[in-house]
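Q: What follows is a structure written as structure tokens; I'll ask about it next.
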Amino acid sequence: MSYNLLKGKKGIIFGALDERSIAWKTALRCHEEGAQIVLSNAPVAMRMGEINKLAEKVEAPVVGADATSMDDLKKLFEEATKHFNGGVDFVLHSIGMSLNVRKGKSYTELDYGFNQKTLDISSMSLHRVLRTAWDMDAINEWGSVVALTYIAAQRVFPDYSEMADAKALLESVARSFGYHYGVRKKVRVNTVSQSPTATTAGSGVKGFDGFIDYAQKMSPMGNATGDQCADYCVSLFSDLTRMVTMQNLFHDGGFSFTGVTPEVIAQMGK
Ligand SMILES: NC(=O)c1ccc[n+]([C@@H]2O[C@H](COP(=O)([O-])OP(=O)(O)OC[C@H]3O[C@@H](n4cnc5c(N)ncnc54)[C@H](O)[C@@H]3O)[C@@H](O)[C@H]2O)c1
């Protein structure tokens, strides 16, 4: 159902890899709600070609940008503002990658070269995006920026490894830049802490199926789906949440504040 919540709004959506991606689902919902969109992903991800199917559906141009490259980001914002004939109202940062996890290195054996890349891709890229927009004055007053995160930033999930540190840094960047952007232009910056969701990035975590199952049993409402996350992002891009900023917002069916559930206890007795 559409409520026209984003009628007239223009946004950049990073990170739609395939139809399971949270960014993919968010782009579809934003389009349904009346937004105009520019899609972006790393050039290597774009070569897979899937994003073009989404582009057709949401009538959006695709502009490649490695989120660790200031030149790419500048080009992206230039092309987006040209396409929109004006500034951007919202940005979704849906970017994450752990080189150490990918290479099978455990948390106690981190390769620091990989680690630096992980932090640059998964965390400082948000700073780079905001800085680029800031320098170009590319986000309109009352704009909204959302980055996706995970509760491993607050609590230990051993197999999430260095991504836990990456998410803690990401959440901190959202708060710190959110302060400055709020003062300067009433632009809000928040992170959404999503339930485990079966996507390419999610499935990279060791024992992911067990992980999803556990979270499902530990959440009074069950896990939040990718589609529900897309709905939540729409609400955060809309004018109905103008004074929400610098927050880490849990979107997890109650998981984050649940101590234990009968389902999990029953499992323990077995
Ligand atoms: N899936 C989950 O369980 C879950 C839970 C909480 C938060 N998140 C977060 O949601 C976000 C989206 O992930 P997803 O689950 O939809 O998986 P996904 O694999 O579909 O998306 C990750 C995206 O990051 C992009 N990316 C990687 N390196 C990049 C770079 N250098 N420049 C630009 N883009 C780059 C990839 O191409 C991909 O599109 C991530 O930040 C992830 O950590 C996921």
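Q: Name the residues of segment 232-250 whose amide N is less than 20 Å from a point 7 angstrom out from the Cα of Y3 along the C-beta direction?
A: Residues passing the 20 Å test: 232-245, 249-250.
Q: Also, I was wondering about something else. Taking Cα centroids, how far is segment 58-94 from segment 180-215 in Å?
A: Answer, in whole Å: 21.
Q: OK, next. Using only Cα atoms and rounding to the nearest 10 degrees, what angle (0 to 90) does helix 226-237 make with the longest principal axis of the chain?
A: 40 degrees
Q: Next up: Over the chain, what is the relative contact order in percent, taking alpha-carbon pairs closer than 8 angstrom and at least six residues apart?
A: Averaging sequence separation for qualifying contacts and normalising by length gives 19 percent for the chain.
Q: Helix 162-185 versus the longest principal axis of the chain: what is the Cα-based angle in degrees, 0 to 90, to the nearest 10?
A: 30 degrees
Q: Another question, if that's okay. Hey, which lysines would be in cross-link range of K10, C-alpha to C-alpha under 24 Å, not counting anything within fewer than 8 residues on its own chain?
A: Answer for K10, where 24 Å is the Cα cut-off: K25, K53, K57, K74, K75, K82, K185, K186, listed by chain and number.
Q: How high is the relative contact order of segment 1-62, in percent, with contacts defined as C-alpha pairs under 8 Å that are six or more residues apart? Can you show the working numbers first?
A: Numbers: 93 pairs, mean separation 22.3, N = 62.
Dividing the mean separation by the residue count of segment 1-62 yields 36 percent.
Q: Using every Cα-Cα pair within the chain, state what percent have a distance larger than 22 Å.
A: When all Cα pairs of the chain are counted, 55 percent exceed 22 Å.
Q: Pull out a ≥ b ≥ c, the square roots of the eigenvalues of the alpha-carbon gyration tensor of segment 102-245, then state rounded if a/c is under 1.5, prolate if not and a/b is larger than b/c, and oblate in the remaining case.
A: Note, shape of segment 102-245 comes out oblate.
Q: Continuing with the same structure: Could you calculate the FRET efficiency of E109 with S203 from 1/(1 + (r/R0)^6), where r is the beta carbon distance between them and R0 is 22 Å, rounded to 0.05? All intermediate terms of the calculation are to be shown ahead of the outcome.
A: Working: r = 22 Å, r/R0 = 1.00.
Computed FRET efficiency for E109 and S203: 0.50.
Q: Same structure, new question: Any lysines with Cα under 24 Å of the K105 Cα? List them, leaving off those in the same chain fewer than 8 positions away.
A: K117, K167, K206
A short reminder: the numbers here are calculations on the coordinates, not readings from a lab. Bear in mind that the values here come from a model prediction, so they are computed numbers and not experimental data. Heads up, the Cβs are rebuilt from the backbone with ideal geometry, glycines too, and the neighbour counts pull from every protein chain shown.
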